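What follows is a single structure, written as structure tokens, with notes after it.
The values are calculated or read from the model by the stated rules, or taken from the named source; none is laboratory data. What you are looking at is a predicted structure, and each value in this text was computed from that prediction instead of being measured. For neighbour counting, all protein chains shown are included, and Cβ atoms are generated from backbone atoms with ideal geometry for every residue, glycine included. Ligands, DNA and RNA are stripped out before the accessible areas are found, and what is left, the full protein with its side chains, is counted by its heavy atoms. Shrake-Rupley method; radii C 1.70, N 1.55, O 1.52, S 1.80 Å.
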Amino acid sequence: YYISAENIKAYSDYLEGIYYGTGINSYYDSESGYLLISYIDPFSPAADSVLKEGYFITAVGGKTVTDDNYSALIQSLTEGYDKKITVSYIESKDEDNKSSDTELSCGYRMPSCEYQINNDVGYIHFVSFYEDSVNDFQKAVEHFKTNNISALIIDLRNCISADYQAASKIIDAI
């Protein structure tokens, strides 16, 4: 497998949990002529916005969605880091819907683990191991300490990528 020089930075960032774009997955809905939001990454800038799955995007960066440009507009939602982009949207494809605008940041970091407490049992699910995964783990442990758990489950199932040095740091922290 070969990675070109221009793609190595994006791949390295991916391995560290750094994602480009707004966190919106969408597709062109030919019936409405708009982009339909099919998924919003819960850790992305879009998750903190007014946008919801099922809304329709009418314009991206001031460019109205058309049959000719929708592919480029979808791509503009999935690229970029440390920039802002304006998304115009409607909640449904009714004709009398007025479009609203929201400004989204591009680029975000995916936490390496998710954690919660069920009854008095702490649960940590690692989705990946990154260089600073030990910091995410320590945040979870601090949360558990303040909530006085009686047991801890560490779930490594479906871990999508692994920096084994980062994983060993977590083992050392235990």
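Among the GluC sites (Glu not before Pro) within region 1-61, those in coil by DSSP and having at most 15 neighbouring Cβ atoms inside 10 Å are GLU31, GLU53. Carbon-plus-sulfur accessible fraction, region 104-171 (probe radius 1.4 Å, protein heavy atoms only): 50%. Where only DSSP H runs of four or more residues are counted, the chain gives -7500 deg cm²/dmol as its mean residue ellipticity at 222 nm, each run worth -39500 (n - 2.57). Solvent exposure of region 49-174, expressed per residue, is 61 Å² of accessible area, with all protein chains present and a 1.4 angstrom probe. Expressed as a whole percent, the accessible surface of region 1-91 that belongs to carbon and sulfur atoms is 49, based on a 1.4 Å probe. Dipole magnitude for the chain: about 380 debye, using +1 per Lys or Arg Cβ and -1 per Asp or Glu Cβ, origin at the Cα centre. Residue pairs exceeding 31 angstrom between C-alpha atoms, taken from LYS83/LYS145; LYS9/LYS93; LYS9/LYS169: LYS83/LYS145; LYS9/LYS93. Whole Å is fine, so just give me how far the alpha carbon centre of region 105-165 lies from that of region 22-73. The two parts, judged by their Cα centres, are 30 Å apart.
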